[in-house]
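Colleague: One structure follows; several queries about it will come next.
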Amino acid sequence: MTCGPLAGFKVLEMAGIGPAPFACMLLSDLGADVIRIDRVGAEAPANSGDFVARGRRSITVNLKDTKGIEVVLKLVESADVIIEGFRPGVMEKLGLGPDACAARNPGIVYGRMTGWGQSGPLSSAAGHDINYIAITGALDAIGSEQSGPVPPLNLLGDYAGGAMYLVVGILSALLERVHSEKGQVVDAAICDGTISLTTAIHAFKAMAMWQDGRCGNLLDGGAHFYANYLCADGKYISLGAIEPKFYSLLAQKLEIDLGEPGAHFDRSQWPKYKAKIAQRIAMKSRDEWCALLEGSDVCFAPVLDWSEAPDHPHNQARGNFIELDGHLQPAPAPKLSRTPGRVQSSPTGVAHDTRDILLSLGYGDGDIDELLTSNTVSSIP
């Protein structure tokens, strides 16, 4: 039985890659009924390790067939949200643009996920996460002077600047629909969302508290009290003792002189004290530093790799990872007190639910057989 705060909401996902599928995973984890519309010819067995594809039903439709477009529009009639991640204009050419969908369902919330946005000189250009965050200022600030800009995986662009802002826009539109009874288009672009994420950095710049470049600022690894340090065993720890009282405790725990608390914001002193802390941290293993510092107010945590993270006691206590069908994977987040989310199912194969979905739309068995025979849709046993 579906649970979660979005139980009862139906989301249509035009199959794609990147942030749109991740947004649909989040909505499914929170209880929405997500139907993925795959293209005929894309049939593939389920990959139980494709966690981003969890919690969906799948119908496969020939989008070059007018009868296939009609199937999608029938789905739109009873849906709350449709999400697509194609280049601008593709859905309109298919006959599934916002106007066509709104004509069938005036309350539909139409989520559009792109890198550059629906307008602007780059809107039709190809790109990936690294390109989209490159024009925001954020990519240039990540890394060291030696490394140059370092891509922060695709977490900053695809998932934070993209998927999360798409979900925020969709949920906002659904809330507004309560009053207006009308849907609207959500134009979510990775570059837009990433720029929004940098608001605090622009605030620092406005207050003359931030300078361009890498590793010369409070939060980019420049400060000795906000950085990662190499331990004797080749592993790393993180320190974030920004506030004077935490900084003072750090000096006490490390048993070294780090100057006066409050004066630690003097940038000219950062290289000296960073070298001093690095020398001290290199004297013990990561586990030894955990025993001494973890849980204290020095603002400390070990830097864990992907295999270590699920075993950390805090992550275990919070239930941040779950096992489903023999696979350990991230649990739904955030945690809600009364209507918690859950993973509705492991990934299912393309076209796995075609017949059941068509039956729910009012198609009879004969109609479905005809659609299958004409290759308008496809199904797997």
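Colleague: Among the residues that make up the stretch 60-77, is at least one of them free of Cβ contacts under 8 Å to residues at least 60 places away in the same chain and farther than 22 Å from residue 350 by Cα?
Modeller: Within the stretch 60-77 (the criterion being free of Cβ contacts under 8 Å to residues at least 60 places away in the same chain and farther than 22 Å from residue 350 by Cα), the answer is yes, since at least one residue qualifies.
Colleague: Looking at (1) touching an Asp or Glu at 6+ places or on another chain (Cβ under 9 Å); (2) in contact (Cβ under 8 Å) with a residue 40 or more places away in the chain, find the lone condition where residue 359 falls short.
Modeller: Status for residue 359: all satisfied but (2).
Colleague: Here's another thing I want to ask about it. How many of the residues making up the stretch 252-268 are buried (at least 16 other Cβ atoms within 10 Å of the Cβ), under 37 Å from the mean Cα position of the chain (by Cα) and free of Cβ contacts under 8 Å to residues at least 40 places away in the same chain?
Modeller: Selection size over the stretch 252-268: 1.
Colleague: Counting only residues that are out of contact with any helix residue (DSSP H, G or I) (no Cβ under 7 Å at 6 or more places or on another chain) and either assigned to a strand (DSSP E or B) or of a type in the set (D, E, K, R) (or both), which one in the stretch 78-108 is nearest to residue 63 (Cα to Cα)?
Modeller: 93
Colleague: Any idea which of 321, 300 is in contact (Cβ under 8 Å) with a residue 60 or more places away in the chain and among the aromatic types (Phe, Trp, Tyr)? Step through it out loud before you land on a result.
Modeller: Values: 321 fails: in contact (Cβ under 8 Å) with a residue 60 or more places away in the chain.
Testing whether each residue is in contact (Cβ under 8 Å) with a residue 60 or more places away in the chain and among the aromatic types (Phe, Trp, Tyr) leaves just 300.
Colleague: Follow-up. Could you run through the stretch 179-225 and say how many residues are surrounded by 13 or more Cβ atoms within 10 Å (Cβ to Cβ) and not in a loop (DSSP other than H, G, I, E, B)?
Modeller: So in the stretch 179-225, the residues surrounded by 13 or more Cβ atoms within 10 Å (Cβ to Cβ) come out as 182-198, 201, 204-205, 210, 214-225.
Narrowing further to those that are not in a loop (DSSP other than H, G, I, E, B): 185-197, 201, 204-205.
Qualifying residue count, the stretch 179-225: 16.
Colleague: Additional query: Kindly list the number of the only condition in (1) assigned by TED's automatic domain parsing to the domain that holds residue 230; (2) touching a Phe, Trp or Tyr at 6+ places or on another chain (Cβ under 7 Å) that fails for residue 315.
Modeller: (1)
Colleague: What pairs can you find where one residue is in the stretch 144-158 and of a type in the set (S, T, N, Q), the other is outside any helix (DSSP H, G or I), and their Cβ atoms are less than 6 Å apart, with a gap of 6+ or different chains?
Modeller: Final answer for the pair search is 144/214; 144/215.
Colleague: So, residue 12, is that one in contact with a strand residue (DSSP E or B) (Cβ under 6 Å, 6 or more places away or on another chain), buried (at least 23 other Cβ atoms within 10 Å of the Cβ), in contact (Cβ under 8 Å) with a residue 12 or more places away in the chain and assigned to a helix (DSSP H, G or I) or not?
Modeller: No; evaluated as a whole, the condition is false for this residue.
Colleague: Restricting attention to the stretch 245-268, which residues are touching a Gly at 6+ places or on another chain (Cβ under 9 Å) and outside any helix (DSSP H, G or I)?
Modeller: Of everything in the stretch 245-268, just one residue is touching a Gly at 6+ places or on another chain (Cβ under 9 Å) and outside any helix (DSSP H, G or I), namely 266.
Colleague: Also, quick follow-up: List, please: which pairs have Cβ atoms under 7 Å, are six or more places apart or on different chains, and start with a residue in the stretch 194-208 that is within 18 Å of residue 164 (Cβ to Cβ) and end with one that is part of a loop (DSSP other than H, G, I, E, B) and not polar (S, T, N, Q)?
Modeller: 198/137; 201/210
Colleague: Any idea which of 169, 120, 111 is outside any helix (DSSP H, G or I), assigned by TED's automatic domain parsing to the domain that holds residue 24 and buried (at least 18 other Cβ atoms within 10 Å of the Cβ)? Steps first, please.
Modeller: Numbers: 169 fails: outside any helix (DSSP H, G or I); 120 fails: buried (at least 18 other Cβ atoms within 10 Å of the Cβ).
Just one listed residue meets the conditions, 111.
Colleague: Among the residues of the stretch 234-244, is there at least one that is part of a helix (DSSP H, G or I) and surrounded by 13 or more Cβ atoms within 10 Å (Cβ to Cβ)?
Modeller: yes
Colleague: Inspect all residues belonging to the stretch 64-73 and state whether any of them is crowded, with 18+ Cβ neighbours inside 10 Å, of a type outside the set (A, V, I, L, M) and assigned to a strand (DSSP E or B).
Modeller: Step one: filter the stretch 64-73 for residues crowded, with 18+ Cβ neighbours inside 10 Å, giving 68-69, 71-72.
If we keep only those that are of a type outside the set (A, V, I, L, M) as well, we get 68.
So of that shortlist, the ones also assigned to a strand (DSSP E or B) come out as none.
There is no residue in the stretch 64-73 that is crowded, with 18+ Cβ neighbours inside 10 Å, of a type outside the set (A, V, I, L, M) and assigned to a strand (DSSP E or B).
Colleague: Between 266, 257, which is among the acidic types (Asp, Glu), touching a helix residue (DSSP H, G or I) at 6+ places or on another chain (Cβ under 9 Å) and assigned by TED's automatic domain parsing to the domain that holds residue 237?
Modeller: Only one candidate qualifies: 257.
Colleague: Tell me which residues, restricted to the stretch 37-55, are touching a residue at least 60 places away in the same chain (Cβ under 8 Å), out of contact with any His (no Cβ under 9 Å at 6 or more places or on another chain) and not in a loop (DSSP other than H, G, I, E, B).
Modeller: 38, 53
Colleague: Continuing with this model, one more query. Among (1) modelled with pLDDT of 95 or more; (2) within 28 Å of residue 338 (Cβ to Cβ); (3) over 19 Å from the mean Cα position of the chain (by Cα), there is one condition residue 2 misses while meeting the rest; what is its number?
Modeller: (1)
Colleague: Give just the number: which of (1) in contact with a Lys or Arg (Cβ under 9 Å, 6 or more places away or on another chain); (2) buried (at least 16 other Cβ atoms within 10 Å of the Cβ) does residue 5 not satisfy?
Modeller: Only one criterion in (1) in contact with a Lys or Arg (Cβ under 9 Å, 6 or more places away or on another chain); (2) buried (at least 16 other Cβ atoms within 10 Å of the Cβ) is unmet by residue 5, namely (2).
The values are calculated or read from the model by the stated rules, or taken from the named source; none is laboratory data. Predicted model only: the values in this text are computed from it and were never measured. Glycine also receives a Cβ, built like all others from the backbone with ideal geometry; neighbour counts cover every protein chain displayed.
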